[in-house]
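Peer 1: Quick one: the structure is below, and I'll ask about it shortly.
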Amino acid sequence: MTAAAAFANVEKVYNTGILGRGGIAALRGVSLEIPVGSAFGLLGQNRAGKTTLVKILLGLCRPTAGTITRLGSPLRDRRTLARVGYMHESHAFPRYLTATDVLRFYGSLANVSPSVLADRVPKLLDRVGLADRAREPIGRFSKGMVQRLGLAQALVNEPDLLILDEPTEGLDLFGKQLMRDVAKEFRTAGKTVLLVTHALGEIEEVCDTVAVLVQGKLAHRGPVADLLTDSAGKKRTLEAGLRALYEKGAAK
């Protein structure tokens with residue numbers, strides 16, 4: 001297996017209007033591979049298709065056209081989902097549950113045995129700085145604490161593919177560093193991280209490769225360094241490189 005995820009000519013049209021006769025194209029012929037062992041960044045403006053691509057990869061919606069593989073298997077093989085960790089940008093954990101309850105629940109969904117969870121959950125809570133709040137209802141947590149718990153939840157099944165969707169939102173400096181450290185550890189261990197974010201500093205520090213979506217199309221795929229140099233060979237910021245791609249895409 002050379003790709004943790006692969007998309008070939010993927011399209012997604014959301015039906016709209018009376019009897020679904022209209023449509024909004026969220027993805028337009030996207031072909032993209034995410035190599036095993038990479039820290040891969042996915043960038044794009046709002047409504048560029050990033051969320052739709054991730055939803056398709058997770059089996060939360062179906063593509064209109066194209067083929068996708070997840071961890072070397074067709075998307076229809078749902079067994080591979082047990083090897084995926086996903087950290088959502090907005091968590092909806094029941095507020096009456098404790099941090100320990102949440103990790104045990106999500107671990108069971110990924111077929112992690114109770115005996116393994118009994119050992120793993122306390123270690124994860126310690127890893128994300130919540131060991132002293134393990135038995136406290138989530139309703140008392142701050143936004144940053146919920147984000148830390150979300151990271152622990154994404155790691156509870158020790159995934160081969162970790163998807164982080166705006167993971168540093170609401171985190172303090174130490175929380176952001178924790179997120180970066182986890183991503184780097186995954187890459188060092190030969191596992192794969194897919195980072196979906198608008199935080200360009202995280203992309204520069206963590207990712208080796210980046211893909212940029214513009215209006216549902218793949219506008220760029222390559223090393224992060226490629227976006228830091230313009231066509232004349234002059235150095236530029238990542239923000240400037242992205243702006244050039246967005247403007248070029250908007251002009252088409």
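Peer 1: Taking into account only those residues within the range 233-252 that are open to solvent by less than 60 Å² (accessible area, probe 1.4 Å) and among the small types (Gly, Ala, Ser), which is modelled with the lowest pLDDT?
Peer 2: Initial filter on the range 233-252 (open to solvent by less than 60 Å² (accessible area, probe 1.4 Å)): 233, 238, 240-242, 244-246, 249.
Then drop every residue that is not among the small types (Gly, Ala, Ser), which leaves 233, 240-241, 244, 249.
Working: 233: 81, 240: 90, 241: 89, 244: 87, 249: 66.
It comes out as 249.
Peer 1: Do you know which residues across the range 156-184 are open to solvent by 20 Å² or more (accessible area, probe 1.4 Å), part of a helix (DSSP H, G or I) and touching a Lys or Arg at 6+ places or on another chain (Cβ under 8 Å)?
Peer 2: Correct list: empty.
This table checks each residue for (1) aromatic (Phe, Trp, Tyr); (2) in contact with a strand residue (DSSP E or B) (Cβ under 9 Å, 6 or more places away or on another chain); (3) in contact (Cβ under 8 Å) with a residue 24 or more places away in the chain.
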{"position": "71", "(1), (2), (3)": "no, yes, yes"}
{"position": "77", "(1), (2), (3)": "no, yes, no"}
{"position": "80", "(1), (2), (3)": "no, yes, no"}
{"position": "84", "(1), (2), (3)": "no, yes, yes"}
{"position": "100", "(1), (2), (3)": "no, no, yes"}
{"position": "107", "(1), (2), (3)": "no, no, yes"}
{"position": "128", "(1), (2), (3)": "no, no, yes"}
{"position": "136", "(1), (2), (3)": "no, yes, yes"}
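Peer 1: Also, quick follow-up: Kindly check whether there is at least one residue in the range 12-26 that is part of a strand (DSSP E or B) and closer than 26 Å to residue 207 by Cβ.
Peer 2: In the first step, residues of the range 12-26 are kept if they are part of a strand (DSSP E or B); the result is 12-16, 22-26.
From the residues that got through so far, the ones that are closer than 26 Å to residue 207 by Cβ too are 12, 26.
Yes, the range 12-26 contains a residue that is part of a strand (DSSP E or B) and closer than 26 Å to residue 207 by Cβ.
Peer 1: Is it the case that residue 173 is at pLDDT below 95 and more than 14 Å from residue 43 (Cβ to Cβ)? Please lay out each step first, then the result.
Peer 2: On the way: at pLDDT below 95: yes; more than 14 Å from residue 43 (Cβ to Cβ): yes.
For residue 173, the condition - at pLDDT below 95 and more than 14 Å from residue 43 (Cβ to Cβ) - is met.
Peer 1: While we're here: If I go through the range 64-96 residue by residue, how many of them are assigned to a strand (DSSP E or B), at negative phi and open to solvent by 30 Å² or more (accessible area, probe 1.4 Å)? Break it down into steps so the answer makes sense when it comes.
Peer 2: Just the residues of the range 64-96 that are assigned to a strand (DSSP E or B), to begin with: 65-70, 73-74, 84-87.
Checking which are at negative phi leaves us with 65, 67-70, 73-74, 84-87.
Next cut, open to solvent by 30 Å² or more (accessible area, probe 1.4 Å) only: 65, 67, 69, 74, 86.
The qualifying residues number 5.
Peer 1: Can you tell me which residue among 20, 59, 85 is within 18 Å of the chain's Cα centre (by Cα) and at pLDDT below 95?
Peer 2: On the way: 20 fails: within 18 Å of the chain's Cα centre (by Cα); 85 fails: at pLDDT below 95.
Selected residue: 59, the only one of 20, 59, 85 that is within 18 Å of the chain's Cα centre (by Cα) and at pLDDT below 95.
Peer 1: Also, quick follow-up: I'd like to verify a number: residues in the range 185-209 that are assigned to a helix (DSSP H, G or I) and either touching a Cys at 6+ places or on another chain (Cβ under 8 Å) or buried (at least 20 other Cβ atoms within 10 Å of the Cβ) (or both), how many?
Peer 2: Summing the residues that are assigned to a helix (DSSP H, G or I) and either touching a Cys at 6+ places or on another chain (Cβ under 8 Å) or buried (at least 20 other Cβ atoms within 10 Å of the Cβ) (or both) in the range 185-209 gives 4.
Peer 1: Turning to a different aspect of this structure: Determine if the range 212-232 includes at least one residue that is under 16 Å from the mean Cα position of the chain (by Cα), part of a loop (DSSP other than H, G, I, E, B) and surrounded by fewer than 19 Cβ atoms within 10 Å (Cβ to Cβ).
Peer 2: no
Peer 1: What are the pairs with Cβ atoms under 7 angstrom where one residue, in the range 50-63, is at positive phi and the other, located anywhere, is surrounded by fewer than 16 Cβ atoms within 10 Å (Cβ to Cβ)? Sequence gap at least six, or different chains.
Peer 2: If the second residue must be surrounded by fewer than 16 Cβ atoms within 10 Å (Cβ to Cβ), the pairs left are 59/78.
Peer 1: Residue 190 passes all but one of (1) in contact with a strand residue (DSSP E or B) (Cβ under 9 Å, 6 or more places away or on another chain); (2) at positive phi; which number fails?
Peer 2: (1)
Peer 1: Checking residue 46 against (1) part of a loop (DSSP other than H, G, I, E, B); (2) under 23 Å from residue 198 (Cβ atoms); (3) open to solvent by less than 70 Å² (accessible area, probe 1.4 Å), only one condition comes out false. Which one?
Peer 2: With respect to (1) part of a loop (DSSP other than H, G, I, E, B); (2) under 23 Å from residue 198 (Cβ atoms); (3) open to solvent by less than 70 Å² (accessible area, probe 1.4 Å), residue 46 is out only on (3).
Peer 1: In addition: Condition test on residue 112, is it open to solvent by less than 40 Å² (accessible area, probe 1.4 Å), among the aliphatic types (A, V, I, L, M) and part of a loop (DSSP other than H, G, I, E, B)?
Peer 2: yes
Peer 1: I'd like to verify a number: residues in the range 129-155 that are assigned to a loop (DSSP other than H, G, I, E, B) and either on the phi > 0 side of the Ramachandran plot or open to solvent by 10 Å² or more (accessible area, probe 1.4 Å) (or both), how many? Outline the logic, then answer.
Peer 2: Step one: filter the range 129-155 for residues assigned to a loop (DSSP other than H, G, I, E, B), giving 129-130, 134-136, 141-142.
Restricting the remaining residues to those that are either on the phi > 0 side of the Ramachandran plot or open to solvent by 10 Å² or more (accessible area, probe 1.4 Å) (or both) gives 129, 134-136, 141-142.
Of the residues in that region, 6 qualify.
The values are calculated or read from the model by the stated rules, or taken from the named source; none is laboratory data. Since the model is a prediction, treat every value here as computed from it, not as a measurement. With ideal geometry, Cβ positions are generated from the backbone for all residues, glycine too; neighbour counts draw on all protein chains shown. Accessible surface is based on the protein model in full, side chains and every heavy atom, while ligands, DNA and RNA are left aside. Shrake-Rupley method; radii C 1.70, N 1.55, O 1.52, S 1.80 Å.
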